[in-house]
Amino acid sequence: MKQDSAPGRVIPVMLPMPAERPYSYAVPDGATVAPGAILRVPLGPREVAGVAWDGDGEPVAPGKLRQISEIFDCPPLSAEMRRFIEWVAGYTLSPPGMVARMALRAPAAFDPEPPVEGLRLTGREPDRMTAARERVLALAADGQAWTRSGLAHAAGVSLSVIDGLMAQGVFERTEIPPRPVVPPPDTAFVRPELTPDQQAAADRLRERVSAGGFGVTLLDGVTGSGKTEVYFEAVAAALERGKQVLILLPEIALTQAFLERFHDRFGAKPAEWHSDLAPKKRERVWRQVAEGQVRVVAGARSALFLPFRELGLIVVDEEHDPAYKQEDRVFYNARDMSVVRGHIGNFPVVLASATPSIESRVNADQGRYQRIVLPARFADAAMPELAAIDMRRSPPERGGFLSPVLIEAIERTLARKEQALLFLNRRGYAPLTLCRVCGHRFQCPNCSSWLVEHRFRHQLVCHHCGHNEPQPEACPECGALDHLVPCGPGVERIAEEVDRHFPAARTIVLSSDLMGGVKRLRLELEAIAKGEADIVVGTQLVAKGHNFPSMTLVGVVDADLGLANGDPRAAERTFQLLSQVTGRAGRSGKKSFGLLQTYQPEHPVMRALVSGDAETFYEREIAERERAGLPPFGRLASIIVSAATRSEAENHARALRRAAPAAAEIDILGPAEAPLALVAGRHRFRLLVHGSRRADLQAYLRQMISTAERPRGSVRVQVDIDPQSF
Ligand code: ADP
Ligand code: ZN
């Protein structure tokens with residue numbers, strides 16, 4: 001039995017698991033452990049990494065108290081970061097351990113990277129000189145350390161030459177410290193020449209950052225106005241104050257061009273952080289962010305949980321983008337949590353977008369955020385001329401999806417040797433396959449959704465659970481052969497139609513399921529930027545951030561697609577997505593066009609896009625949200641109850657509803673079947689909790705969940721605060 005459980009010798013340790021509180025551990029004799037220290041502790045039969053926490057740990061019987069196994073030689077997680085983790089946990093109703101887990105996602109980085117063994121000149125002369133030896137000595141003459149193989153390789157000699165010099169004492173062994181993942185940025189590398197509008201915006205941002213302290217700025221400027229150039233000045237100001245900077249981007253793995261632009265301005269790339277990073281690189285970035293060697297990170301939403309030691313600015317680019325919402329384990333919006341992080345760290349946050357979220361616009365209108373507007377595109381680049389194609393008047397030919405008006409526009413674009421982009425936010429060939437004889441529809445066996453035909457892969461695929469089966473030849477219901485028909489278009493089908501009309505054109509299909517993954521996508525995007533394609537058919541992947549200089553036509557195949565689902569955010573999302581995708585056109589000064597195929601040209605979204613009058617659209621949307629008490633004028637949470645059987649899910653959802661306390665400012669809708677009633681074999685019911693702006697939704701939900709019986713068997717409850725769709 002351990003006797004050493006005297007007060008002060010037991011500390012709380014936050015573990016990366018669904019625990020509400022840190023666990024208690026004994027500090028080894030003679031050791032000191034400050035809050036934030038990263039530790040290895042025993043847990044059951046295993047050992048896990050955790051963080052020394054503040055406050056009290058779970059009480060533990062003295063005989064059961066276990067001892068910390070190891071204190072890692074690693075910078076501690078800052079007090080700011082620990083408070084942030086607790087705040088996110090409280091807001092999202094997640095166990096703090098699960099939030100802490102996101103900050104500990106680089107286990108090998110807790111130990112310092114071992115130095116590499118290297119060689120350095122001693123000043124001794126070799127017994128005799130050869131040409132090979134001369135080359136080696138010339139390279140090493142500046143006194144820098146080399147690795148044995150690196151030096152041999154650089155000098156073009158065999159390893160035995162190096163070993164020979166070693167043996168004579170010409171070189172001595174030395175340790176080469178771990179190389180930084182990126183060199184430090186130089187804020188004076190290239191000072192950009194900004195337009196007067198840009199300069200004014202940059203000055204205000206610089207002032208804001210130099211003043212220090214918390215505050216949010218909404219940088220609102222049309223696509224191509226130079227928002228990136230402008231917020232780089234905020235980045236420079238923060239770096240000049242000795243701060244670290246985080247830039248969040250929605251599709252970092254695909255925005256290599258962004259890294260290049262950063263390099264052009266600062267003479268070095270930022271460190272990248274996203275899920276496609278090689279594990280080794282990941283570890284090094286994590287460690288060097290903690291040590292302060294990395295000054296700027298450009299990352300996906302998870303970068304928010306990196307262990308910065310002196311973070312002084314967060315920029316959230318494309319702040320409206322739905323990719324900032326994580327809907328897995330801890331449900332959080334990285335845009336909103338960036339603002340919280342800035343508040344806790346007392347530093348400024350910049351939100352940039354050409355089409356700000358309604359939330360951010362309202363925050364700016366009401367004076368909570370500063371708003372800076374960039375009204376025009378850089379240089380002479382005009383915005384694309386947008387028009388709606390009324391599909392009722394110029395319908396596609398039988399079996400096709402492209403209106404003659406759009407086909408003609410493509411033809412003209414190709415004749416000018418420019419590029420066209422056809423945008424359709426649907427992967428695969430056709431979203432539904434049915435049998436012409438008996439009407440059978442191919443449905444996913446595990447989900448309430450149709451199977452999507454992927455013709456390139458000869459498969460029917462479920463986009464919700466990944467289930468796939470070979471493309472059938474006969475109907476499984478009636479056995480009819482060759483009577484299966486694809487219904488509706490996906491990008492593959494549009495590409496087929498394009499090929500029929502323009503057989504000589506070079507057509508590229510781009511969607512996230514492209515064989516070859518991110519690497520292949522990057523190559524394709526580069527090829528498009530270099531003009532190696534004439535027509536691109538793509539999903540929203542192509543909408544984000546890319547600069548395609550000779551793209552002068554964007555055709556939206558189905559502009560109504562996102563409006564159909566009855567979600568109150570549908571109009572906002574469609575407006576944002578279509579603005580962004582049409583914004584790919586005309587970025588280098590050539591006259592450019594955007595054509596929207598729609599059956600409802602009079603819809604406010606189409607009108608706003610065609611007229612370029614975003615203000616009227618925002619005013620209307622904001623007024624509508626206010627009238628309905630929807631976010632940001634009210635608060636929403638969605639509770640999804642799922643289970644292996646429909647009745648289990650429904651029963652528990654009802655039990656939760658019965659446990660709901662009475663509250664004047666909060667009402668509950670449901671339970672009802674969730675919009676996707678079956679996903680991956682789990683039945684889903686949903687409760688929507690709607691409150692006024694002042695309502696304490698979290699307290700209400702906590703009470704409701706703790707009053708109801710605990711979920712049993714296969715039942716799971718997921719709480720989503722500020723859901724994306726409702
Ligand atoms: P946004 O982020 O608002 O879409 P960008 O910052 O990407 O705009 O700028 C659009 C294009 O214009 C980029 O190619 C950028 O390099 C160029 N650009 C913008 N401002 C300037 C400037 N002041 N000097 C040179 N190039 C600029
Ligand atoms: Zn499925």
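Scanning region 320-346 for residues that are surrounded by 24 or more Cβ atoms within 10 Å (Cβ to Cβ) and either assigned to a loop (DSSP other than H, G, I, E, B) or of a type in the set (Val, Ile, Thr) (or both) yields 320, 321.
Taken together, 314, 358 contain a single residue that is in contact (Cβ under 8 Å) with a residue 12 or more places away in the chain and within 16 Å of the chain's Cα centre (by Cα), which is 314. If residue 173 satisfies every condition in (1) within 30 Å of residue 122 (Cβ to Cβ); (2) touching a residue at least 60 places away in the same chain (Cβ under 8 Å); (3) touching a helix residue (DSSP H, G or I) at 6+ places or on another chain (Cβ under 9 Å) but one, which is the exception? All conditions pass for residue 173, except number (2).
Looking across region 173-229 at every residue that is more than 16 Å from ligand 1 (Cβ to nearest atom), farther than 20 Å from residue 240 by Cα and under 28 Å from the mean Cα position of the chain (by Cα), the one that is modelled with the lowest pLDDT is identified as 179. If I filter region 390-405 for residues that are over 17 Å from the mean Cα position of the chain (by Cα) and closer than 30 Å to residue 95 by Cα, do I get at least one hit? No - not one qualifying residue is present in region 390-405.
Selection of region 574-600 for residues being surrounded by fewer than 19 Cβ atoms within 10 Å (Cβ to Cβ) and either of a type in the set (Ser, Thr, Tyr) or more than 16 Å from ligand 1 (Cβ to nearest atom) (or both) yields 588, 591, 599, 600. Applying the condition of being closer than 18 Å to residue 453 by Cβ and hydroxyl-bearing (Ser, Thr, Tyr) to region 506-518 and asking which residue is surrounded by the most Cβ atoms within 10 Å (Cβ to Cβ) yields 511. The residue of region 519-536 that is nearest to residue 455 (Cα to Cα), among those that are surrounded by 15 or more Cβ atoms within 10 Å (Cβ to Cβ) and under 19 Å from the mean Cα position of the chain (by Cα), is 521. Report yes if residue 323 is at pLDDT below 95, within 16 Å of ligand 1 (Cβ to nearest atom) and out of contact with any strand residue (DSSP E or B) (no Cβ under 7 Å at 6 or more places or on another chain), otherwise no. It is false that residue 323 is at pLDDT below 95, within 16 Å of ligand 1 (Cβ to nearest atom) and out of contact with any strand residue (DSSP E or B) (no Cβ under 7 Å at 6 or more places or on another chain).
Between a first residue in region 437-452 that is within 11 Å of residue 464 (Cβ to Cβ) and more than 8 Å from ligand 2 (Cβ to nearest atom) and a second residue that is assigned to a strand (DSSP E or B) and basic (Lys, Arg), which pairs have beta carbons less than 8 Å apart while being 6 or more apart in sequence or on different chains? Filtered contacts from region 437-452: 450/441.
Please determine, by comparing only the residues of region 401-424 that are more than 16 Å from residue 597 (Cα to Cα) and touching a Ser or Thr at 6+ places or on another chain (Cβ under 9 Å), which one is surrounded by the most Cβ atoms within 10 Å (Cβ to Cβ). Before you say what the answer is, go through the steps one by one.
Let us first name the residues in region 401-424 that are more than 16 Å from residue 597 (Cα to Cα), namely 411-419.
Within this subset, residues satisfying the condition of being touching a Ser or Thr at 6+ places or on another chain (Cβ under 9 Å) are 413, 416-419.
Numbers: 413: 24, 416: 13, 417: 9, 418: 20, 419: 27.
Checking each candidate, the answer is 419.
Picking from residues in region 377-400 that are within 16 Å of ligand 1 (Cβ to nearest atom), of a type outside the set (Lys, Arg) and crowded, with 17+ Cβ neighbours inside 10 Å, the one that is modelled with the lowest pLDDT is 381.
Please determine, by comparing only the residues of region 74-115 that are part of a loop (DSSP other than H, G, I, E, B) and among the hydrophobic types (A, V, I, L, M, F, W, C), which one is farthest from the chain's Cα centre (by Cα).
74
With respect to residue 503, determine if the residue is surrounded by fewer than 16 Cβ atoms within 10 Å (Cβ to Cβ), over 33 Å from the mean Cα position of the chain (by Cα) and more than 16 Å from ligand 1 (Cβ to nearest atom).
Criteria met by residue 503.
Matching residues to (1) over 30 Å from residue 530 (Cβ atoms); (2) in contact with a strand residue (DSSP E or B) (Cβ under 7 Å, 6 or more places away or on another chain):
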position	(1), (2)
376	no, no
379	no, no
388	yes, yes
410	no, yes
426	no, no
430	yes, yes
433	yes, yes
438	yes, no
463	yes, yes
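Scanning region 23-57 for residues that are without any contact (Cβ under 8 Å) to a residue 40 or more places away in the chain and over 21 Å from residue 112 (Cβ atoms) yields 23, 29, 30, 42, 43, 44, 45, 46.
If you go through region 534-565, how many residues are farther than 25 Å from residue 353 by Cβ and at pLDDT below 95? Talk me through it step by step, then tell me what you get.
Residues of region 534-565 that are farther than 25 Å from residue 353 by Cβ, as a first pass: 534-535, 537, 550.
From what is left, the residues that are at pLDDT below 95 are 550.
Matching residues across region 534-565 total 1.
Consider region 489-500 and keep the residues that are touching a strand residue (DSSP E or B) at 6+ places or on another chain (Cβ under 8 Å) and surrounded by 16 or more Cβ atoms within 10 Å (Cβ to Cβ). The one that is nearest to residue 254 (Cα to Cα) is 491.
Taking the criterion of being out of contact with any Asp or Glu (no Cβ under 9 Å at 6 or more places or on another chain) and of a type in the set (D, E, K, R), the only residue of region 413-425 that qualifies is 416.
Residues in region 453-488 that are of a type in the set (Gly, Ala, Ser), at positive phi and either touching a helix residue (DSSP H, G or I) at 6+ places or on another chain (Cβ under 7 Å) or away from ligand 2 (no atom under 16 Å from the Cβ) (or both): 479, 488.
The values are calculated or read from the model by the stated rules, or taken from the named source; none is laboratory data. In this text the structure is predicted, and so the values were computed from the model without any measurement. Please note: Cβ atoms are built from the backbone with ideal geometry, for glycine as well, and neighbour counts cover all protein chains shown.
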